[in-house]
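Asks: Here's a structure for you.
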Amino acid sequence: MGDPTKVFLFILVTDMFVGFHSAEGWNVLLESFTHHFGLPENEAVIQMFIATVPVIIDSCIKFWIFIYLTRFSPSASAIYERMNT
């Protein structure tokens with residue numbers, strides 16, 4: 001797999017699960033999860049989860065990319081920075 005493909009997949013995955021546009025997706029996922037397991041739906045807890053967990057996941061992924069991708073594939077790191085600006 002080439003470096004541009006790796007970078008594209010990183011950006012696609014991070015935007016899908018932790019991007020700014022994914023709040024509705026998280027909301028549907030968490031509501032269906034609570035419904036499936038018979039838990040009471042608490043809108044405040046769901047909104048707090050959506051406001052914090054994707055940001056933490058995004059930070060961890062970007063940290064991983066910054067630290068480890070530069071070691072294993074410096075050209076992919078450069079491509080990622082150019083695509084992400």
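Nothing in this text is a laboratory measurement; each read-out follows from the coordinates by a stated rule. Bear in mind that the values here come from a model prediction, so they are computed numbers and not experimental data. As a convention, Cβ positions derive from the backbone with ideal geometry for all residues, glycine included, and neighbour counts pool all protein chains shown.
Asks: Using only the alpha-carbon atoms, how far is helix 74-83 inclined from the longest principal axis of the chain? Give it as 0 to 90 degrees, nearest 10.
Replies: Rounded to the nearest ten degrees, it is 60.
Asks: Sticking with the crude label model, points 7 Å out along Cα→Cβ, report the distance from L12 to E81 in nm, one decimal please.
Replies: 2.5 nm
Asks: May I ask for the angle, rounded to the nearest 10°, between helix 43-64 and the longest principal axis of the chain, with both axes built from Cα atoms and the value confined to 0 to 90°?
Replies: The answer is roughly 10 degrees.
Asks: Could you work out how far apart the two model spin labels at K62 and N27 are, taking each label as a point 7 Å from the Cα in the direction of the beta carbon, and quote it in nm?
Replies: In this crude label model, K62 to N27 measures out at 2.4 nm.
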